[in-house]
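Where a number appears in this text, it was derived from the coordinates with a stated rule and is not lab data. Quick caveat, the model's predicted, so the values are computed rather than measured. Positions of Cβ are generated from backbone atoms using ideal geometry, with glycine treated the same way; all protein chains shown enter the neighbour counts.
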């Protein structure tokens, strides 16, 4: 399983790539494997500010529907347009083309509460 060191992680299995005061958010390879084949994404927060750990959307897989939790407080500025027609990108490339949203970070001090790749690996027992 892949745990890119340049990313930060949450206990709820989201990853975040921080680029200054903006970030890209997706779900981890571990999460997509647990969910199974992803068939639909519903991002309900475009253009809205979402607090850390609040739901910003859902992911629907063949097995289940799961909430997506925001890693940091911020405003959703973009939803990955490719996922409308190709939700399977989350399964095939969760850390690349399968990203979910871009956000504008409101409080960069919250970054310190995120998990490193090593901490996330320990959390999932990998």
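Please list the equivalent ellipsoid semi-axes of the range 18-121, computed as the square roots of five times the alpha-carbon gyration tensor eigenvalues, in descending order and whole angstrom.
Details: eigenvalues 92, 50, 29 Å².
With the √(5λ) rule applied to the range 18-121, the semi-axes are 21, 16, 12 Å.
Between residue 111 and residue 65, residue separation times 0.36 nm minus the direct Cα-Cα distance comes to 13.8 nm. Cβ-Cβ distance of residue 5 and residue 92, R₀ of 25 Å, FRET efficiency by 1/(1 + (r/R0)^6): the value works out to about 0.75. In a solvent-free Debye calculation with one equal scatterer on each Cα, what is log10 I(q)/I(0) for the range 1-48 at q = 0.13, 0.19, 0.26 Å⁻¹, listed in the order of the q values? Cα-only, vacuum Debye calculation for the range 1-48: -0.36, -0.75, -1.12. What is the distance in Å between the Cα centres of the range 63-126 and the range 36-60? Value for the Cα centre distance between the two parts: 9 Å.
Given 0.36 nm per residue, what is the gain on full extension from residue 51 to residue 104 after removing their alpha carbon distance, in nm?
Details: separation 53, 0.36 × 53 = 19.08 nm, distance 1.17 nm.
Extra length from residue 51 to residue 104 when fully extended: 17.9 nm.
Using R₀ = 30 Å, calculate the FRET efficiency as 1/(1 + (r/R₀)^6) where r is the Cβ-Cβ separation of residue 33 and residue 78; round to 0.05. Intermediate values should be presented prior to the final figure.
Working: r = 26 Å, r/R0 = 0.86.
It comes out at approximately 0.70.
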